[in-house]
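Take a look at the structure set out below.
The values are calculated or read from the model by the stated rules, or taken from the named source; none is laboratory data. Quick caveat, the model's predicted, so the values are computed rather than measured. Because the Cβ atoms are built from the backbone with ideal geometry, glycine has one as well, and the counts that use them run over all protein chains shown.
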Amino acid sequence: MSVDALSSQLTGIGRYCLELVRGLPGDDRVSQVSYFRGITWLADPAILLHGGEPKIPRKKWRRSWDRWWNYGRFADALVHAPNYFLPPWAERGIATVHDLSVFKYPQTHPPERVRAFEAHFADTVKRAGLILTDCEWVRREVIDFTGLPETRVRAVPLGVSPAYHPREGNELVSVIAGMGLTAGGYGLCVSTFEPRKRINTLLLAWRNLPLETRSRTPLVLAGASGWGNDALMAQIDQGQREGWLIHIGFVPEERLPLLYAGAKLFAYPSQYEGFGLPPLEAMASGVPTIVAGGTCLEEVGGGVAISINPEDIPEFSNTIRLLLEDQNLHERLSIDGIRHSAGFDWPGCVRHTIDAYQVLVG
């Protein structure tokens, strides 16, 4: 299995890859798992979570691979690429296609990423015995885009870590206070800062709130910096100067569940997603959630997350204000979100992924 998505700052795809690494070896249907990153074999992929980057000379790696292959070590092996692209030597493997945003919204991606997909995606689709997606919405998109038969594309929903649940007491208060926050006293968005996420619409909607409201309940932005965000960073700087926005950047995994649990509401206005883990993590934490309508976030939100048009700033702003002020609605959405998110867990994702393996190998 490829583990190129693992790093010290996990994205949603990195989280998915990590959960497969943790879960696959524990299933009796899997006899052995070998991991590679580029041309490097890894005995323990966890080294990548701590910034490690093991190096093996290319010639040595190639000799090792040829020897294993020629002696039949991989005769019955199945290659899984959890991050779109099968390696060139893999035939009839499995590739996970998380979304088609590169093709649907190329302007929201760096040019080099678009070129990589244009050069290699079709070849992976041609060689893959099975394509996995994270939700039914994207499954239908992949079938329509590639022309693959329905039997070659399967949806396997992602999961939510049990670390995401409602919290209270000293642990929550102390960790949140360490970030300069008050439990229940802020709105939250956890996202990579790049054009597709439409963070700019959230800033406009929050700025449109009455001064007293946005001063009492500031917006907190957390997440890794992406690309093409110069204008967004200028908006963020302005919001911080005006006192209604707090930008805390990347948050370590051990503190992130507490940051979620302390929020009054969560907003995720992304233009396009393949699943959308952050909204589900927020709902699991008992936090009412707003998502962009007309995307797979509606499917994942299960009718519990409030869907809006992020480009309609007055509507977006009014929805935020409603969740901040209507305590009965807040409590109902909190309860419903916890119940809905309970249907998504990583052991289930791993189990259904192995089901897909078995479909391919027969």
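Tally the residues that are within 22 Å of GLY226 (Cα to Cα) and either modelled with pLDDT under 95 or of a type in the set (Asp, Glu) (or both), restricting the search to the range 180-193. The qualifying residues number 3.
The number of residues in the range 305-324 being part of a loop (DSSP other than H, G, I, E, B) and under 19 Å from the mean Cα position of the chain (by Cα) comes to 1.
Counting only helices (runs of 4 or more DSSP H) that sit wholly inside the range 88-151, those with at least 1 residues that are at pLDDT below 95 are 101-104, 111-127.
For the range 137-169, enumerate the residues that are surrounded by 13 or more Cβ atoms within 10 Å (Cβ to Cβ) and charged (D, E, K, R).
Listed by number, the residues that qualify are ARG139, ARG140, GLU141, ARG152, ARG154, ARG167.
Considering only the range 266-284, I want to know if a residue exists there that is closer than 15 Å to ARG167 by Cα, small (Gly, Ala, Ser), modelled with pLDDT of 95 or more and buried (at least 22 other Cβ atoms within 10 Å of the Cβ). Yes: the range 266-284 contains one or more residues that are closer than 15 Å to ARG167 by Cα, small (Gly, Ala, Ser), modelled with pLDDT of 95 or more and buried (at least 22 other Cβ atoms within 10 Å of the Cβ). Pairs are defined by a Cβ separation below 7 Å, a sequence spacing of at least 6 or placement on different chains, a first member in the range 205-231 that is at positive phi and surrounded by 13 or more Cβ atoms within 10 Å (Cβ to Cβ), and a second member that is acidic (Asp, Glu) and part of a loop (DSSP other than H, G, I, E, B); the pairs so defined are GLY228/GLU194.
From the set of residues in the range 238-250 that are part of a loop (DSSP other than H, G, I, E, B) and either of a type in the set (S, T, N, Q) or out of contact with any strand residue (DSSP E or B) (no Cβ under 7 Å at 6 or more places or on another chain) (or both), which is nearest to ARG216 (Cα to Cα)? Residue satisfying both the conditions and the ranking: GLY243. Residues in the range 91-105 that are buried (at least 21 other Cβ atoms within 10 Å of the Cβ) and of a type in the set (A, V, I, L, M): ILE94, ALA95, VAL97. A count restricted to the range 251-295 and to residues that are assigned to a helix (DSSP H, G or I) and of a type in the set (Asp, Glu) stands at 1. Condition check for LYS197 on (1) at pLDDT below 95; (2) crowded, with 21+ Cβ neighbours inside 10 Å; (3) over 21 Å from ARG15 (Cβ atoms): one failure, at (3).
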